[in-house]
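Heads up, the thing below is written out as structure tokens.
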Amino acid sequence: MGSPGPGQNTQAQAVTRLAPSPTGALHPGNARTFLVNWALARQRGWRVILRIEDLDTPRVKPGAVDETIDTLRWLGLDWDDEAPLQTADLTPYRDAMSTLANLGVVYPCELSRAQIEAAASAPNEGDHEQRFPPELRPASFRQGKPTGFDRAEVNWRLAVEPGLVAFDDAFAGPQSRDVARTVGDFVLWTKRGQPSYQLAVVVDDARRGITEVVRGDDLLGSAARQILLYRLLGLGPTPRYTHLPLVRGPDGRRLAKRHGDTRLTHYRALGVPAERIIGLIASWSGVAGPARAMSARGFTEAFDISTMPRHDITFTEAHERWLIRGTPPEHDT
Ligand code: GLU
């Protein structure tokens with residue numbers, strides 16, 4: 001369990017983070033991930049850091065950060081420390097880029113999406129991510145003339161070497177991916193002058209000594225990329241990963257705006273108590289017994305990750321009715 005590696009500090013306490021993006025889209029699906037993360041932390045004595053990932057989204061609407069924090073508190077979650085906003089200081093991410101540039105493993109890439117699509121084969125893994133093949137690396141880089149990280153207004157990519165990255169996910173089980181074959185050279189720095197999610201998450205997790213990453217399994221494919229970065233940057237042991245199944249809409253797609261207004265702020269404005277949302281999440285998470293409203297602390301006492309369903313959950317109209325009217329659905333998850 002997140003034991004410190006050689007040369008690391010010997011503090012035994014594990015550390016996790018709640019890392020919401022301030023998009024105003026906290027819904028029962030991502031609330032479930034945060035609640036499970038928090039309950040595991042409180043059950044196992046992990047330290048909890050709140051990190052608002054304001055680099056994740058191009059435009060953060062005014063008030064979105066406060067609203068996200070307020071919604072987490074309303075659910076009954078708390079944390080031991082708060083990381084500063086990512087955008088407050090880009091120096092650590094720039095430093096990481098300079099380190100990678102010194103290693104000769106990153107390059108500026110001015111190709112447009114259309115140019116990459118025209119040159120590459122169809123996207124892999126059923127997602128919309130286009131693989132970036134090594135043939136598209138700039139000639140100067142291929143000839144071994146790497147440059148320093150000197151231009152922040154273009155995309156920078158990591159030259160990914162072929163090879164399997166293996167890790168043991170605490171929920172999803174053993175994983176192994178060849179990043180070069182799945183996504184290829186991925187972006188580390190964007191032409192907006194900011195680090196990409198992949199770079200930011202690694203730099204931030206390492207700086208804070210995060211030992212436990214709990215998140216949705218839509219990010220399972222990102223973990224291999226992040227492990228590569230840990231290794232290249234010499235950042236010590238990677239966190240233990242726990243990737244949890246998602247909540248989907250009735251059409252099978254990840255719960256989102258297209259499924260109507262499922263934001264927690266919407267239910268809250270309708271007078272739905274937080275305990276009912278947590279009760280619904282509990283019924284989706286293997287908590288035994290009849291569906292009932294409960295507090296975040298009650299959830300922590302009742303939750304056992306070993307009984308958590310391994311499949312995705314569908315958010316149905318019956319669930320929505322329960323939230324709004326308080327009539328628990330039959331066992332129809
Ligand atoms: N900010 C991401 C989200 O809200 C989480 C990223 C992570 O946990 O690595 O989905």
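Rundown of residues vs (1) closer than 28 Å to GLU117 by Cα; (2) within 15 Å of the ligand (Cβ to nearest atom); (3) surrounded by 20 or more Cβ atoms within 10 Å (Cβ to Cβ); (4) not aliphatic (A, V, I, L, M), yes/no style:
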| residue | (1), (2), (3), (4) |
| --- | --- |
| PRO146 | yes, no, no, yes |
| LEU158 | yes, no, yes, no |
| ALA170 | no, yes, no, no |
| PRO174 | no, no, no, yes |
| ASP204 | no, yes, yes, yes |
| ASP217 | yes, yes, no, yes |
| ALA223 | yes, yes, yes, no |
| LEU233 | no, no, no, no |
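Kindly indicate whether any position in the stretch 114-127 is under 30 Å from THR265 (Cβ atoms), modelled with pLDDT under 95 and within 16 Å of the ligand (Cβ to nearest atom). Write out each step before concluding.
If we filter the stretch 114-127 for residues that are under 30 Å from THR265 (Cβ atoms), which is where we start, we get 127.
After this cut, where a residue has to be modelled with pLDDT under 95 as well, the list is 127.
Pick out the ones that are also within 16 Å of the ligand (Cβ to nearest atom) and you get 127.
So far as the stretch 114-127 goes, yes, one or more of its residues are under 30 Å from THR265 (Cβ atoms), modelled with pLDDT under 95 and within 16 Å of the ligand (Cβ to nearest atom).
Show the residue pairs meeting these rules: Cβ distance below 8 Å; 6+ apart or different chains; first residue within the stretch 200-224 and on the phi < 0 side of the Ramachandran plot and without any contact (Cβ under 8 Å) to a residue 40 or more places away in the chain; second residue away from the ligand (no atom under 11 Å from the Cβ) and part of a helix (DSSP H, G or I).
The qualifying pairs are ALA206/TYR230; ALA206/LEU233.
Please state which of the following conditions TYR230 fails to meet, knowing it meets all the rest: (1) part of a loop (DSSP other than H, G, I, E, B); (2) farther than 24 Å from THR71 by Cα; (3) of a type outside the set (S, T, N, Q).
(1)
Given the conditions (1) more than 13 Å from the ligand (Cβ to nearest atom); (2) within 22 Å of PRO108 (Cα to Cα), and given that LEU229 satisfies all but one, which numbered condition is not satisfied?
Condition (1) is where LEU229 drops out.
Does any residue of the stretch 253-273 turn out to be in contact (Cβ under 8 Å) with a residue 40 or more places away in the chain, among the hydroxyl-bearing types (Ser, Thr, Tyr) and not in a loop (DSSP other than H, G, I, E, B)? I'd like the intermediate steps shown before the answer.
Of the stretch 253-273, the ones in contact (Cβ under 8 Å) with a residue 40 or more places away in the chain are 254-257, 259, 262-265, 267-268, 270, 272.
Now drop any that are not among the hydroxyl-bearing types (Ser, Thr, Tyr), which leaves 262, 265, 267.
With the extra rule that they be not in a loop (DSSP other than H, G, I, E, B), the set shrinks to 265, 267.
Yes, some residue in the stretch 253-273 is in contact (Cβ under 8 Å) with a residue 40 or more places away in the chain, among the hydroxyl-bearing types (Ser, Thr, Tyr) and not in a loop (DSSP other than H, G, I, E, B).
Just one of LEU188, LEU246 is within 21 Å of SER285 (Cα to Cα) and either modelled with pLDDT of 95 or more or surrounded by fewer than 22 Cβ atoms within 10 Å (Cβ to Cβ) (or both); which is it? Break it down into steps so the answer makes sense when it comes.
Values: LEU188 fails: within 21 Å of SER285 (Cα to Cα).
Matching residue, one of LEU188, LEU246: LEU246.
Among the residues of the stretch 86-96, is any within 16 Å of the ligand (Cβ to nearest atom), surrounded by fewer than 18 Cβ atoms within 10 Å (Cβ to Cβ) and without any contact (Cβ under 8 Å) to a residue 12 or more places away in the chain?
no
Would you point out which residue out of LEU77, LEU40 is out of contact with any Asp or Glu (no Cβ under 6 Å at 6 or more places or on another chain) and not in a loop (DSSP other than H, G, I, E, B)? It would help to see each step written out before you state the result.
Working: LEU77 fails: not in a loop (DSSP other than H, G, I, E, B).
Of LEU77, LEU40, the one residue that is out of contact with any Asp or Glu (no Cβ under 6 Å at 6 or more places or on another chain) and not in a loop (DSSP other than H, G, I, E, B) is LEU40.
Under 6 Å by Cβ, and 6 or more places apart or on different chains, what pairs join a residue from the stretch 7-29 that is more than 20 Å from ARG248 (Cβ to Cβ) and at pLDDT 75 or above with one that is charged (D, E, K, R) and within 9 Å of the ligand (Cβ to nearest atom)?
Close Cβ pairs satisfying both conditions: ARG17/ARG51; ALA19/ARG51; ALA19/GLU53.
Can you find a residue that is under 30 Å from PRO237 (Cα atoms), assigned to a strand (DSSP E or B), more than 20 Å from the chain's Cα centre (by Cα) and hydroxyl-bearing (Ser, Thr, Tyr) anywhere in the stretch 141-157?
No: zero hits.
Please determine, by comparing only the residues of the stretch 31-43 that are in contact with a strand residue (DSSP E or B) (Cβ under 7 Å, 6 or more places away or on another chain) and over 14 Å from GLU301 (Cα atoms), which one is farthest from the ligand (Cβ to nearest atom).
Step one: of the stretch 31-43, the residues in contact with a strand residue (DSSP E or B) (Cβ under 7 Å, 6 or more places away or on another chain) are 32-34, 36-38, 40-41.
After this cut, where a residue has to be over 14 Å from GLU301 (Cα atoms) as well, the list is 32-34.
Working: ARG32: 12, THR33: 8, PHE34: 9 Å.
Result: ARG32.
In the stretch 27-77, what residues are in contact with a helix residue (DSSP H, G or I) (Cβ under 6 Å, 6 or more places away or on another chain), more than 23 Å from PHE315 (Cβ to Cβ) and among the β-branched types (Val, Ile, Thr)?
Within the stretch 27-77, VAL48, ILE52 meet the criteria.
In the set THR16, THR57, THR71, which member is assigned to a loop (DSSP other than H, G, I, E, B) and among the β-branched types (Val, Ile, Thr)? Show your work before the answer.
Details: THR16 fails: assigned to a loop (DSSP other than H, G, I, E, B); THR71 fails: assigned to a loop (DSSP other than H, G, I, E, B).
One residue alone meets the criteria, THR57.
The values are calculated or read from the model by the stated rules, or taken from the named source; none is laboratory data. Here the structure is a predicted model, which means the values were calculated and not measured. Here Cβ is always computed from backbone atoms with ideal geometry, including for glycine, and neighbour counts include all displayed protein chains.
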